[in-house]
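Below: the structure, in structure tokens.
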Amino acid sequence: MSTPPHSPKAGGMPIALGVMAGAIGGAAFGEATAGFFVGLAIGVVVAIVIWRRDRR
């Protein structure tokens, strides 16, 4: 039997959403740059988790 084709998941969306949400949330507290970096870090972690789960 042949295995069905594998379509990889996209991990860029969590990074983009994390950056946007972090910058907006940080701006609400007067720290847009800090929020940007926190959102970026969270987005990258989520993208890595998606990538690792997709490799199985």
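Here are the numbers:
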item: Residue check, A27 part of a helix (DSSP H, G or I) and over 17 Å from the mean Cα position of the chain (by Cα); result: yes
item: Tabulated pairs, segment 41-56, first in contact (Cβ under 8 Å) with a residue 24 or more places away in the chain, second open to solvent by 80 Å² or more (accessible area, probe 1.4 Å) and aromatic (F, W, Y), C-beta under 9 angstrom, 6+ apart or interchain; result: none
item: Matching residues in segment 1-24 - criterion: being of a type in the set (V, I, T) and assigned to a helix (DSSP H, G or I); result: I15, V19, I24
item: Exclusive hit being touching a Ser or Thr at 6+ places or on another chain (Cβ under 9 Å) and either exposed (fewer than 15 other Cβ atoms within 10 Å of the Cβ) or small (G, A, S) (or both), set G18, G26; result: G26
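The values are calculated or read from the model by the stated rules, or taken from the named source; none is laboratory data. Predicted model only: the values in this text are computed from it and were never measured. Counting neighbours? That spans all protein chains shown, and the Cβs are built from the backbone with ideal geometry, glycine included. These area figures cover heavy atoms from the full protein model, side chains too; ligands, DNA and RNA do not enter into them. Shrake-Rupley method; radii C 1.70, N 1.55, O 1.52, S 1.80 Å.
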